[in-house]
Amino acid sequence: MPTQPIRPRSDGARELLISGALILLVGAVAMALLMTLFGGVNVEGAHSNSGWLALIIGMMCLPFGGMLFLLGAAKWLRNHGIGPK
């Protein structure tokens, strides 16, 4: 019976990179919509209900997606021998 090569278990770097990038993309789209179609933002906040929703989504997705993406990038760099041991 032929043996199959044992692949190392994934530590989730690829999944973190993909999910972080997608969440960042959603946040960037929400902010772009807020600034263009939904009336923008001033000192008092957004100009419409849709603008407020886009602002909330953008302000949640951008930091969270950024942290996920940075964690995935750090794991990817560690797996490829780049950076501190």
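Please treat every number below as a calculation from the coordinates, not as lab data. Because the structure is a prediction, the values reported are computed rather than measured. Cβ atoms come from the backbone with ideal geometry, glycine included; neighbour counts cover every protein chain shown.
Charge tally around Leu16: other residues with Cβ under 14 Å, Lys/Arg +1 each, Asp/Glu -1 each, net +1.
Between Leu71 and Met35, residue separation times 0.36 nm minus the direct Cα-Cα distance comes to 10.1 nm.
Between Asn42 and Gln4, the FRET efficiency estimated from the beta carbon spacing at R0 = 35 angstrom works out to 0.05.
Taking each DSSP H run with n ≥ 4 as -39500 (n - 2.57) and averaging over every residue of the chain yields -23000 deg cm²/dmol at 222 nm. Computing FRET efficiency as 1/(1 + (r/R0)^6) for Met59 and Ile18, where r is the C-beta to C-beta distance and R0 is 30 Å, gives about 0.85. Would you be so kind as to identify which of Met67, Ile82, Met31 lies farthest towards the positive end of the dipole of the chain, taking Lys and Arg as +1 and Asp and Glu as -1 on Cβ and the Cα centre as origin? Of the options given, the answer is Ile82. Placing a label point 7 Å from the Cα of Val26 along the Cα-to-Cβ direction, the residues of region 42-85 whose backbone N falls under 15 Å from that point are 53-69. Over the C-alpha atoms of the chain, the Rg to Rh ratio, Rh being the Kirkwood estimate, stands at 1.28. Rounded to the nearest 20 debye, the dipole size of the chain about its Cα centre is 560 debye, using +1 on the Cβ of Lys and Arg and -1 on the Cβ of Asp and Glu.
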